[in-house]
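Please treat every number below as a calculation from the coordinates, not as lab data. Keep in mind it's a predicted model, so treat the numbers as computed, not measured. Heads up, the Cβs are rebuilt from the backbone with ideal geometry, glycines too, and the neighbour counts pull from every protein chain shown.
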Amino acid sequence: MSLEKVVVVGASGYAGEELVRLLIRHPQIELAAVTSRQAVGQTLGSVFPKFAGMRYADLKFTDSTVESILATGAKIVFLALPHGVSAEFAVPLVAAGCKVIDLSADFRLRDAAVYEEFYGQKHPAPELLPGAVYGLPEIRRAEIPGASLIACPGCYPTSILVPLIPLVRRQLIKPQSICVFSMSGVSGAGRTAKIEYLFAECNESVRAYGIPKHRHLSEVEQELSLAAGERVMINFTPHLIPVNRGIHTTIYAAPADGVEPFHFTNAYAEDYGAAKFVRVLGDSGALPDTKNVVSTNFVDIAWRHDPRTGRVILLSAEDNLTKGTAGQGVQCMNLICGWPEETGLF
């Protein structure tokens, strides 16, 4: 059987490490190269001892250059790089005919001006924005296979958009009423040595950050606006919690006039009844819990109607590194290649 060659650029960060973990066990691919400017010449097994003795443990990190990537002959390239850096690689790789799956924020937004507003710098490759597809399979499944550039959503947006899009699209809730409260593990900040992410600073502490205008708000409002057919602006407050990985999101919204709880049940059944990675827990019984999704590609969602306030409470849980980042990228790769969506993810 001929295997599809794949390269991971920036494989030494948390997202890159998670991506390698998933690709090691993927039956359809050959990991042709992993790159990292910090780990050049070292093997996967030495940089990440958890991979010692496994497939590709002896694969050495190479320098991150477009020339070395193209020399592998790989046609699928994952970019696990910071925003602003990914574009440097995406432009020549797309031009060379590669399928690029970007885990950064560089191509999630359709409007370069919005990127500049939220990320504080001019967009490095605005010419690629019209052709980039927002890589959330649950809402863009039909568009992903034919795309040359996939922009995987942020971890927070995935946890927010999966429960909201079916309702907003059907006008079951009032968009202006949406208020989002999210909590994320520390790995969401990336493998960085900033003081605020040290163990002694995070442990036994919970704090809000990025308010009132977290960067991910830009793509959340973009996708909600597209679903609603009108401009949508929401409140979003993220919190850092002392766990390694996982996101829990709670969303409050007012149902549209005349909407009953069973409409929510029907909407989720129609959109996610056959979804491989959305587990709908419904409006009774279990509630989403990060311990049930960590190291998986699942996002669990549930909801409750509060007759006292007349509002609906939506809840979700996911792993920020898997469904929120690397697993989503692999899910998109499977769609591009025509493989079963769950390949390498169960």
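Eight or more residues apart or on different chains, and alpha-carbon atoms under 12 Å: count the Lys pairs in the chain matching that. Counting lysine pairs in the chain gives 4. Take every DSSP beta bridge whose two residues both sit in the stretch 4-131; close to 5 percent of them are antiparallel.
Take the Cβ atoms of A112 and A286, set R0 to 41 Å, and the FRET efficiency comes out at 0.45. One chain, two ends: F346 and K213. Fully extended at 0.36 nm per residue, the span grows by 44.3 nm beyond their Cα-Cα distance. If R0 equals 25 Å, the separation of the Cβ atoms of A71 and S2 corresponds to a calculated FRET efficiency of about 0.85. Relative to the longest principal axis of the Cα atoms of the chain, helix 155-169 runs at roughly 40 degrees.
Which of F48, G154, T62 sits farthest toward the positive end of the charge dipole of the chain, with +1 on the Cβ of Lys and Arg and -1 on the Cβ of Asp and Glu? Checked the options; the winner is F48. Between the residues G282, F262, T309, the greatest Cα displacement towards the positive end of the dipole of the chain, with unit charges on the Cβ of Lys, Arg, Asp and Glu, is found for G282. Estimated from helices alone, the mean residue ellipticity of the chain at 222 nm is -8000 deg cm²/dmol (sum of -39500 (n - 2.57) over DSSP H runs with n ≥ 4, per residue).
Axis of helix 327-337 versus longest Cα principal axis of the chain: the two differ by about 70°, to the nearest ten degrees. Simple spin-label estimate for V206 and D58 gives 4.9 nm between the two label positions (7 Å along the Cα-to-Cβ direction from each Cα). Each peptide in 200-212, 24-36, 79-91 gets a packing score, the mean of other Cβ atoms within 10 Å over its residues, and the list from highest to lowest is 79-91, 24-36, 200-212. Counting Lys and Arg as +1 and Asp and Glu as -1 over every other residue whose Cβ lies under 9 Å from the Cβ of G154, the net charge comes to +1.
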